[in-house]
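Below: one structure, written as structure tokens.
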Amino acid sequence: MTGVKRVPLGGSEASVPNVVLGLMRIADASDDEVRALVRAARDAGIDFFDHADIYGPGLHACERRFAEALRLTPAERAGITIQSKAGIVKDGPYYDFSYDHLVRSVEGSLEALQTDYLDILLLHRPDPLVEPDEVARAFDHLEQSGKVRAFGVSNHTPRQLDLLRASVRQPIVANQLQLSIVHAPIIAQGVAANRSGLAQAITEDGGGIVDYCRVNDITIQAWSPVQSGADAGVFLGSETYPELNAVIDRLAAQYDVPPIAIATAWITRHPAGMQVVLGTTTPERVTAAAQGSDLALTRPEWYELFRAAGHRVP
Ligand SMILES: NC(=O)c1ccc[n+]([C@@H]2O[C@H](COP(=O)([O-])OP(=O)(O)OC[C@H]3O[C@@H](n4cnc5c(N)ncnc54)[C@H](OP(=O)(O)O)[C@@H]3O)[C@@H](O)[C@H]2O)c1
């Protein structure tokens, strides 16, 4: 295949793949398994890798596993985008956007990843005790010291973004949000807007985050693209979702792609230019999911999947 489609990153000149590889689940993978997973991604045109300080047991475990397995040369390192996250303290848990925590976390990530810089740092989950000026000071230090090249957030509402952006000097290039056909509150709420008696109309995201990101050139990164949300597990092939899987299987046959490509395509079809963050540790599933990168579902097909997942189109 020629490789996944590329989309702009935020309002920047950079173009990034619209399907990327998340490495939250590689803690127990062997060197060979990590290499095979990354090779499948690279073969599909995916050169963008999503990490976080907290992935795996302890701190920086998946970042370390990635670096130790790959042993990237400087040229190989320069050829990929490494994104990581900070701001969650697992022992608690609680959230910490203080200067000291953010800087210490990035330094730990750089050490574990065996690199001098992160291409992108995301603030992992909103901290209600955030001091936006302190985040700004941390971002300035991280940028000026060359440790981080671009900044974004994850799981943030429009108002939380407004608050940060009033202090932070750098553009916020991305907001990583949970999104799959089944877990789609950020889309479904808008579809039900202004209708009474529909639980779907209740905002779970502060309201309008997708439109906010589009207006402000913030790339949405969809995490858990094949999960049904909370702890309900993977919806693909699940007997909990017979109607949805029937539609997915029919469209997969029609487009001659594996079913997981339809799950990808439902997200990449959205005109916001979103990135799908895959979490599979199975190389074949990376290859299969990437086939949905540039599959332009029609409006009727996109809405049929949405309805079959249980969302209302009032
Ligand atoms: N920002 C945040 O708050 C946040 C939160 C969670 C995750 N993330 C990021 O998002 C990435 C993706 O999250 P995720 O792992 O929950 O996403 P996912 O791609 O929806 O789920 C992948 C998981 O589903 C399993 N799976 C079972 N059947 C599958 C099938 N038919 N097709 C594909 N996968 C199947 C995979 O198993 P196998 O590995 O055995 O294939 C893997 O454990 C993470 O790696 C991380 O980078 C971000």
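The values are calculated or read from the model by the stated rules, or taken from the named source; none is laboratory data. Keep in mind it's a predicted model, so treat the numbers as computed, not measured. Glycine gets a Cβ as well: all are built from the backbone with ideal geometry, and neighbour counts include every protein chain shown.
The residues of the stretch 127-155 that are closer than 21 Å to Asn175 by Cβ and touching a Phe, Trp or Tyr at 6+ places or on another chain (Cβ under 7 Å), listed by number, are Asp127, Val130, Glu134, Val135, Ala138, Phe139, Val148, Arg149, Phe151.
If I filter the stretch 71-92 for residues that are over 20 Å from the mean Cα position of the chain (by Cα) and under 15 Å from Arg137 (Cα atoms), do I get at least one hit? No: the stretch 71-92 contains no residue that is over 20 Å from the mean Cα position of the chain (by Cα) and under 15 Å from Arg137 (Cα atoms). Among the residues of the stretch 144-160, how many are outside any loop (DSSP other than H, G, I, E, B) and either surrounded by fewer than 20 Cβ atoms within 10 Å (Cβ to Cβ) or more than 15 Å from the ligand (Cβ to nearest atom) (or both)? Of the residues in that region, 6 qualify. The C-beta contact set for the stretch 23-51 (first residue at pLDDT 95 or above and of a type outside the set (A, V, I, L, M, F, W, C), second residue away from the ligand (no atom under 13 Å from the Cβ) and assigned to a loop (DSSP other than H, G, I, E, B), distance under 7 angstrom, 6+ apart or interchain) comprises Gly45/Gly3; Gly45/Val4; Asp47/Gly79; Asp47/Ile80. Meeting the requirement of 1 or more residues that are of a type in the set (Gly, Ala, Ser) and touching an Asp or Glu at 6+ places or on another chain (Cβ under 9 Å), the strands (runs of 3 or more DSSP E) wholly within the stretch 1-81 are 19-22. Checking the structure you have, find out if any residue of the stretch 113-121 is within 20 Å of Phe48 (Cβ to Cβ), polar (S, T, N, Q), within 16 Å of the ligand (Cβ to nearest atom) and surrounded by 15 or more Cβ atoms within 10 Å (Cβ to Cβ). Checked the stretch 113-121: no residue is within 20 Å of Phe48 (Cβ to Cβ), polar (S, T, N, Q), within 16 Å of the ligand (Cβ to nearest atom) and surrounded by 15 or more Cβ atoms within 10 Å (Cβ to Cβ). Restricting attention to the stretch 266-314, the residues that are assigned to a helix (DSSP H, G or I) and within 16 Å of Gly45 (Cα to Cα) add up to 9. Can you run down the residue pairs with Cβ atoms below 9 Å, 6 or more apart or on separate chains, where the first is in the stretch 142-156 and without any contact (Cβ under 8 Å) to a residue 60 or more places away in the chain and the partner is part of a strand (DSSP E or B) and of a type in the set (Asp, Glu)? Hits for this filter: Val148/Asp119; Arg149/Asp119. Based on this model, can you work out whether Arg169 counts as in contact with a Ser or Thr (Cβ under 7 Å, 6 or more places away or on another chain) and surrounded by fewer than 21 Cβ atoms within 10 Å (Cβ to Cβ)? So Arg169 fails the test. Taking the conditions (1) more than 27 Å from Ala289 (Cβ to Cβ); (2) assigned to a strand (DSSP E or B) in turn, Ile220 satisfies each one other than (1). For the stretch 128-143, the tally of residues that are under 24 Å from Pro93 (Cα atoms) and surrounded by 21 or more Cβ atoms within 10 Å (Cβ to Cβ) stands at 3. Applying the selection to the stretch 295-314, what residues are of a type in the set (D, E, K, R) and surrounded by 17 or more Cβ atoms within 10 Å (Cβ to Cβ)? Scanning the stretch 295-314 gives Glu301, Glu304. Of note, His124 satisfies the criterion of being closer than 17 Å to Asp100 by Cα, at pLDDT 95 or above and within 16 Å of the ligand (Cβ to nearest atom). Of all the criteria given as (1) more than 14 Å from Ala138 (Cβ to Cβ); (2) part of a helix (DSSP H, G or I), the one not satisfied by Glu107 is (1). Within the stretch 249-268, identify whether any single residue is of a type in the set (D, E, K, R) and under 24 Å from Thr219 (Cβ atoms), and answer yes or no. No, every residue in the stretch 249-268 fails to be of a type in the set (D, E, K, R) and under 24 Å from Thr219 (Cβ atoms).
Residues in the stretch 247-274 that are small (Gly, Ala, Ser) and either within 16 Å of the ligand (Cβ to nearest atom) or at pLDDT below 95 (or both): Ala252, Ala261, Ala263, Ala265.
The set of residues in the stretch 220-240 being more than 9 Å from the ligand (Cβ to nearest atom) and within 13 Å of Ile186 (Cβ to Cβ) consists of Ile220, Gly229.
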